[in-house]
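The values are calculated or read from the model by the stated rules, or taken from the named source; none is laboratory data. Here the structure is a predicted model, which means the values were calculated and not measured. No Cβ is skipped: glycine too gets one built from the backbone with ideal geometry, and neighbour counts run over all protein chains shown. Calculation scope for accessible area: heavy atoms of the full protein, side chains included, ligands and nucleic acids excluded. Shrake-Rupley method; radii C 1.70, N 1.55, O 1.52, S 1.80 Å.
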Amino acid sequence: MKKEIIFRMKSPYRDEFRIHGYRFGEGEKTVAIVGAMRGDEVQQQFICSQIVKNMIVLEKQGKITPGQEILVIPSANHFSMNIDKRFWAMDNTDINRMFPGYDKGETTQRIAAAIFENVRGYRFGIQLASFYLPGRFVPHVSIMETGFQNVKLARKFGLPYVLLRKPKSYDTAVLNYNWQIFETDAFSLYSGETNIIDKDSAKVTWLAVLRFLNNVGAIHFSMHEGFISHVMKDKDLVTIVSDEAGILFQLRDTGEGIKKGDLLAKILDPFTGETRSEISSPTDGTIFFSLHSPLVHQDTIMFKISKI
Amino acid sequence: MLKTIISEGLPIDEQLLIRKQTLQNGKGKKRICIVTGIHGDELEGQYVCYELIRRLKANIGNLDATVDVYPALNPLGVDSVIRGIPTFDLDMNRIFPGETKGHQIEYTAYRIVEDLKGADMVIDIHASNVFLREMPQARINAKMADKLIPFAAMLNLDFIWVHDAATVLESTLAHSLNVKHTPTIVVEMGIGMRITRKYGDRLVDGILNLMDKLRMLKNYTPPRITQPIVSSSGEVCFLNAEASGLIIPTVKHSDKVQKGDLLCRIVDPFEGTVLQDVLSPVDGLLFTLRTYPVVYEGSLIARIFSETGGGGDRNAKIRKNKNELQF
Ligand SMILES: [Zn+2]
């Protein structure tokens, strides 16, 4: 393992800002892995640290395939993470809306440019991603339908689900999209949590990354083959939106199998505790996403249900 | 008449309210909408709303149309000094045209578009951010330039910046309305968290002038209007800090500068030393100037419009993406 600094910048008042890369093996650029790009992505940072830990052991055991290079960047925004901010500490911009970056531009464009310079050209790119709403997902691989997506490869993580989604306008500035434009097969891994560490779903995710490395021949050791992934599109998910606001009382959680008509959550009056609304499932299936927040706004996503 | 167009439940005994003032007089069928407060830290538009409504009410007989004024599309942000959307932590001007099955604010964005759609003109007033001071200007997507420049030129502004079409800007309110054939002009002026009355008064004159030209006013004599410079006649040059430190300005905003002029110094407050002398790479008009003193490497310091485009640091001009255009 070679630890290197891929970007450094002096701050006016804080310690120097440094982005570290952990490089394993030498030769063909095989897999690049990027962790936390937002200050709240603690779970993603943790998962990367576990990947690095495991890779160090595998390297000692000689299980990294000769001639293959793997780069892990666990964290690109600890200046925000250290002060409990989500976006860039100074100007609140989002590094993952700045790709492919520009080394003469704004601060976060420069950071994005440095990351991209280091991670482009790899055959495979893995980003540990987070959702814009607080909640928990079933760990899954998400790929954008850019025309370059590769579903067969996405199955190699052995996660229960592969989600295909249509890019939105802002997606043209995210890492995953730019990877694909520059001919890297790119995957976003959603691991359940974001701003708290959930050891179980984190482990599912880092094992999925190791399994992928194994399945594409970057490393070689024997491990469980995982799931045969169910591939679905964003529009196949059934979205349940709140019809009232109040205190959210969750009855069923992410990953649970449910039947049509099952009561999933109640929305309670915040003064009297009376039930304002009962949220029940319109379909049989599995809870793919659930909102995790003690309070709920009206007209806001509460659940996404997969029919399988 | 004050109308509530959206009322959405917040968790505890409060509704998210989006309200507009509708002024209507005469038989004229046209409608103009003045919107502001998408970014909660931008307040220049608040004075424009007040002053426009005040003047129209005082001379309601001149009006032959409908005027809808929306002072706060992000009322929770304006009311709590938060640029984005409280609890949602995203830029509201990146979620349009909204959606019906997302977060409450995405649904709100969807309904705002529905309410504005079909207007004869929409003016979306922004006030930069807390870092940069802007000359009164319109920002227009190159794809809409032919259609919108003639109207933007009526608004009593100094500058019309025709910027390249960037995909990320497709999620702005202005773009979402323009593609729905509702002409929308973004006005950017002043600075965040402050009100520059001189700019506000000028824009109110400009809006009334535009309304007059659209035949929404009767028996109205508009004041003299400034003819703006249009950016397509030259080049916009960006200057970013090359060192992290503290800025000591040496020029004033809206100044004409010469190539080689010292715009500001970036200094080190720990050592008492100069880290960078920021020099103008071109002759031109300083239409954006950083006023917030602390900078990182890369922080935008100034934008200069240069008619000649002349020489200088080429890197300062080439932009690979337009993400730094924040409105
Ligand atoms: Zn704005």
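Structure summary
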{"read-out": "Accessible area of residue B:144 in the full protein assembly, 1.4 Å probe (Å², nearest 10)", "value": "40 Å²"}
{"read-out": "Average beta carbon contacts from partner chains per residue of B:5-11, 10 Å cutoff", "value": "5"}
{"read-out": "Loop-exposed GluC sites (Glu not before Pro) per DSSP, neighbour cap 15 Cβ within 10 angstrom, longest uninterrupted part of chain A", "value": "A:27-144"}
{"read-out": "Calculated from backbone phi, Karplus (6.51, -1.76, 1.60) coupling profile of the range B:3-9 in Hz, x at Gly/Pro", "value": "10, 9, 8, 9, 9, 10, x"}
{"read-out": "Fraction of beta bridges assigned by DSSP in the protein assembly as shown that are antiparallel (%, nearest 5)", "value": "65 percent"}
{"read-out": "Loop chymotrypsin sites (Phe, Trp or Tyr not before Pro), the range A:1-82 (other Cβ atoms within 10 Å of the site Cβ: 11 or fewer; DSSP)", "value": "A:13"}
{"read-out": "Those trypsin sites (Lys or Arg not before Pro) in the range A:200-308 that DSSP places in a loop and that have at most 14 other beta carbons within 10 Å", "value": "A:259, A:260, A:307"}
{"read-out": "Listed residues A:151, A:52 arranged by accessible area, highest first, probe 1.4 Å", "value": "A:151, A:52"}
{"read-out": "Local electrostatic count at residue A:305 - Lys and Arg +1, Asp and Glu -1, tallied over other residues with Cβ under 12 Å", "value": "+1"}
{"read-out": "Chain pair A, B: total accessible area buried, heavy atoms, 1.4 Å probe, Å²", "value": "3900 Å²"}
{"read-out": "Long-range amide H partners of residue B:41 with built H, under 5 Å", "value": "B:83"}
{"read-out": "For residue B:25, residues with placed amide H under 5 Å, excluding near neighbours", "value": "B:65"}
{"read-out": "Average accessible area per residue (Å²) across chain B - probe 1.4 Å, nucleic acids and ligands excluded", "value": "40 Å²"}
{"read-out": "Carbon + sulfur, % of accessible area of chain B - ligands and nucleic acids excluded, 1.4 Å", "value": "51 percent"}
{"read-out": "Per-selection metrics, the range A:2-228 (Cα): Rg and Dmax in Å", "value": "16.4, 51"}
{"read-out": "Percent of Cα pairs exceeding the 18 Å cut-off, where the set is the range B:100-184", "value": "49 percent"}
{"read-out": "The range B:1-74 and the range A:224-300: distance between their alpha carbon centers, rounded to Å", "value": "37 Å"}
{"read-out": "Kirkwood-based shape ratio for the protein assembly as shown, expressed as Rg/Rh from alpha carbons", "value": "1.00"}
{"read-out": "Binned Cα-Cα distances of the range B:2-230, short to long, each 10 Å bin given as a whole percent", "value": "8, 35, 39, 16, 2, 0"}
{"read-out": "Area accessible to solvent at residue A:3, 1.4 Å probe radius, in Å²", "value": "120 Å²"}
{"read-out": "Chain B: DSSP helices with Cα axial extent of at least 20 Å and average Kyte-Doolittle hydropathy no lower than -1.0", "value": "B:44-58, B:197-213"}
{"read-out": "Charge dipole (debye, nearest 20) of the protein assembly as shown; +1 at Cβ of Lys and Arg, -1 at Cβ of Asp and Glu", "value": "1000 debye"}
{"read-out": "Residue A:253 accessible area, assembled protein chains, probe 1.4 Å, Å²", "value": "50 Å²"}
{"read-out": "Solvent-accessible area, 1.4 Å probe, carbon plus sulfur percent, for the range A:236-306", "value": "48 percent"}
{"read-out": "Cross-link pairs beyond the 23 Å C-alpha cut-off, checked among A:10/B:252; B:3/B:117; A:235/A:307; A:53/A:156; A:3/A:60", "value": "A:10/B:252"}
{"read-out": "Exposure rank, largest accessible area first [A:40, B:124; 1.4 Å]", "value": "A:40, B:124"}
{"read-out": "Peptide A:104-117, shielding by other chains (average Cβ, 10 Å cutoff)", "value": "5"}
{"read-out": "Charge dipole (debye, nearest 20) of the range A:2-228; +1 at Cβ of Lys and Arg, -1 at Cβ of Asp and Glu", "value": "200 debye"}
{"read-out": "Chain B: most fluctuating residue of B:16, B:239, B:173 per GNM, C-alpha cutoff 10 Å", "value": "B:16"}
{"read-out": "Considering only the range A:2-228, percent of DSSP beta bridges that pair antiparallel, nearest 5", "value": "40 percent"}
{"read-out": "Cut-off 14 Å between beta-carbons: net charge of the residues surrounding residue A:143, Lys and Arg +1, Asp and Glu -1", "value": "+2"}
{"read-out": "Relative contact order %, chain B, counting alpha carbon pairs below 8 Å whose residues are six or more apart", "value": "16 percent"}
{"read-out": "Amide hydrogen neighbours beyond the local backbone of residue B:126, cut-off 5 Å, H modeled", "value": "B:187, B:188, B:189"}
{"read-out": "Cleavage-rule hits, trypsin sites (Lys or Arg not before Pro), the range A:59-155, DSSP coil, Cβ neighbours within 10 Å at most 12", "value": "none"}
